[in-house]
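Reviewing the structure listed below.
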Amino acid sequence: MKTRSFSSILLLIGFFVLLMIAAYMVVKVSKPSIPSELVGVLRPQVSLIREFQLTDQHGEKFDVQSLNGKWSLVFFGYTSCPDICPTTLAVLTAMQKQLQKAPEVWSDTQVIFVSVDPQRDTQENLASYMDFFNKEFYAVTGSRSEIDNLAGQFGAGYIIEPETSPGHYLVSHTGAIFLTDSQGALVASFSMPHDPGTIASLYRQIREVF
């Protein structure tokens, strides 16, 4: 009786081990491999963006719910930026034109320009800026505390430089383009220099992985 009981226990343990191995193999096979091009682009850990309260160029509320259901390309800057922001908007517009040929990718994608200069970037200024560069993109800003809240979650640093004359100053800021998925989670970032073809290709690959 004891021998039979011991044998039964061994059989159960063996069966359990086989189940664990089978489960591991299923997960391993089903999980897509990450292309080498995405190493250094994908975030080591995916993090959900927490609540924030901003306003877009149309005067509409823009908060964390605005990220849900859309993949979002997000970058931080200001309308008086002499170089990085105009260049980045041009790159993203060129990328948009490329990806519009693949509506299954672009139809649920949005571009968001976050102004870190609310003192000068009024709703009217943001609207004019987007009208000039791309009317389909969002431009958002808000109180200093809410901007810092969102910038901190993305890891987007910026420094407002001293005035050179009344109302004239530069803002040093990150040039990275950040990517959140349709659940509002930060999944990737694209460092400078930016090339529309490269970002479009990497974005397609990221969509396949997720």
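Derivation of every value follows stated rules applied to the coordinates shown; laboratory data play no part. Given the structure is predicted, the values throughout are model-derived calculations rather than measurements. All Cβ positions, even for glycine, are placed from backbone atoms using ideal geometry, and neighbour counts span all protein chains on display.
Taking Cα pairs under 8 Å and at least six residues apart, what relative contact order does the stretch 36-209 come out at, in percent?
Relative contact order for the stretch 36-209 comes out at 35 percent.
How long are the three semi-axes of the equivalent ellipsoid for the stretch 61-144, computed from the Cα gyration tensor as the root of 5 times each eigenvalue, in whole Å, largest first?
22, 16, 10
Taking the Cβ of each residue in 56, 108 as the centre, tally the other Cβ atoms inside 10 Å and list the residues starting with the fewest.
Ranked by crowding around the Cβ, least crowded first: 108, 56.
As a test of understanding, state the convex hull volume per residue of the stretch 36-209 from its alpha carbons, in Å³.
For the stretch 36-209, the hull spanned by Cα atoms encloses 112 Å³ per residue.
Express in whole angstrom the spacing between the alpha-carbon centres of the stretch 30-67 and the stretch 166-210.
With the stretch 30-67 and the stretch 166-210 each reduced to a Cα centre, they are spaced 10 Å.
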